[in-house]
1. Please give the calculated 222 nm ellipticity per residue for the chain, where each DSSP H segment of at least 4 residues contributes -39500 (n - 2.57) and the sum is spread over every residue; nearest 500 deg cm²/dmol?
2. With each pseudo-label sitting 7 Å past Cα toward Cβ, what's the Lys103-Lys64 distance in nm, one decimal?
3. Work out which helices of the chain, taken as complete DSSP H runs, extend at least 20 Å along their axis over the Cα atoms and score a mean Kyte-Doolittle of 1.0 or more, then list them.
4. Would you mind putting 98-108, 33-43 in packing order, based on average other-beta-carbon counts within 10 Å, highest first?
5. Considering Cα pairs under 8 angstrom that are at least six residues apart, work out the relative contact order of the chain and quote it in whole percent.
6. Over the stretch 46-109, what is the relative contact order in whole percent, taking alpha-carbon pairs under 8 Å and six or more residues apart?
7. Please report Val28, Val152 as a ranked list, fewest other C-beta atoms within 10 angstrom at the top and most at the bottom.
8. Mind giving me the nanometre distance, one decimal, between the label points for Lys54 and Lys135, set 7 Å out from Cα along Cα→Cβ?
Amino acid sequence: MKLLFFVLFFVCYSKTFAHSYFFAFAEVEYNVMQEKLEGTLIFTRHDLEEALIKKGIISSTFEKLQHDSLSISAIGNTLFNDFKFFSNQIPIKLSALDFSLTKNGLIEIYFKSEKVKLSQNFELQFNSLMDIYPKQQNKITFIQNSEKRTYVFMNNESRRKITISN
């Protein structure tokens with residue numbers, strides 16, 4: 001009887017910590033002087049960690065991960081398969097610069113793009129983690145000339161045209 005009570009308690013207790021919705025955020029600004037996109041991708045640390053471990057990109061927690069250019073590049077290259085900018089249908093190359101872990105359980109990945117001129121046919125694909133977490137929702141704030149626009153991405157709409165100002 002005690003064992004049954006313990007098992008039921010454990011199952012109920014563990015479900016209170018599971019979450020059924022997953023979120024990622026990005027803030028990206030177009031640097032007119034350098035003609036580059038610069039930004040930050042923000043994920044819940046344990047969600048991204050679990051996804052990268054499942055894919056074999058990392059083998060341990062972010063706290064134990066070596067904070068070197070090889071690890072940063074591997075994380076970035078994986079994320080940039082699902083987080084992409086396009087100008088006139090041509091992908092814009094992104095490079096991960098660094099990452100940091102926050103005290104509130106997030107991971108921030110900093111990146112920049114190659115030199116690019118933005119066109120009216122500027123698009124973004126942001127389906128990060130949607131293959132692992134079907135209820136994943138992603139949001140980006142795009143900044144250009146001090147003007148901010150926010151776009152939401154869901155499993156049924158993971159690529160959007162981004163409005164740019166001239």
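1. Rounded to the nearest 500, the figure is -7000 deg cm²/dmol.
2. Here the answer is 2.5 nm between the modelled labels.
3. Taking the DSSP H segments of the chain (at least 20 Å long, mean hydropathy at least 1.0), we get 2-17.
4. 33-43, 98-108
5. 26
6. Dividing the mean separation by the residue count of the stretch 46-109 yields 25 percent.
7. Val152, Val28
8. 1.4
Values in this text are rule-based calculations from the coordinates and carry no lab data. Treat the numbers as computed from the prediction; the structure is a model and nothing was measured. Ideal geometry is used to build each Cβ from the backbone, glycine not excepted, and the neighbour counts take in all protein chains shown.
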